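The values are calculated or read from the model by the stated rules, or taken from the named source; none is laboratory data. It should be emphasised that the depicted structure is a prediction, and the values quoted were computed from it without experimental measurement. Reconstructed Cβ throughout: ideal geometry from the backbone, glycine too, with neighbour counts over all protein chains shown. Note: areas computed on protein heavy atoms with side chains; ligands, DNA, RNA excluded. Shrake-Rupley method; radii C 1.70, N 1.55, O 1.52, S 1.80 Å.
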Amino acid sequence: MILSTTPKIEGHTIREYKGIVTGETIIGANGSMLMVATSGTAVVI
């Protein structure tokens, strides 16, 4: 698995778009909370 924040991966051709993927992480301790939400497009290279 390669993670990238760019619209292309140098040296690779995108062969297939799989669709939107999302994730969410919630971390909390002692009354504090941190929430991280992510989204992107899964592809086959």
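Could you grab the pairs with beta carbons closer than 7 Å, sequence gap of 6+ or different chains, first residue in the stretch 26-45 and outside any strand (DSSP E or B), second one polar (S, T, N, Q)? Close Cβ pairs (under 7 Å, with a partner that is polar (S, T, N, Q)) amount to Ile45/Thr13. Here are some conditions: (1) touching a residue at least 24 places away in the same chain (Cβ under 8 Å); (2) assigned to a strand (DSSP E or B). Gly23 meets all but one. Which one does it not meet? Gly23 satisfies every listed condition except (1).
Within the stretch 3-21, if we keep just the residues that are within 11 Å of the chain's Cα centre (by Cα) and open to solvent by 100 Å² or more (accessible area, probe 1.4 Å), the residue that is nearest to Ser39 (Cα to Cα) turns out to be Ile20.
Mind checking whether some residue in the stretch 12-19 is modelled with pLDDT under 90, basic (Lys, Arg) and in a loop (DSSP other than H, G, I, E, B)? Within the stretch 12-19, not a single residue is modelled with pLDDT under 90, basic (Lys, Arg) and in a loop (DSSP other than H, G, I, E, B).
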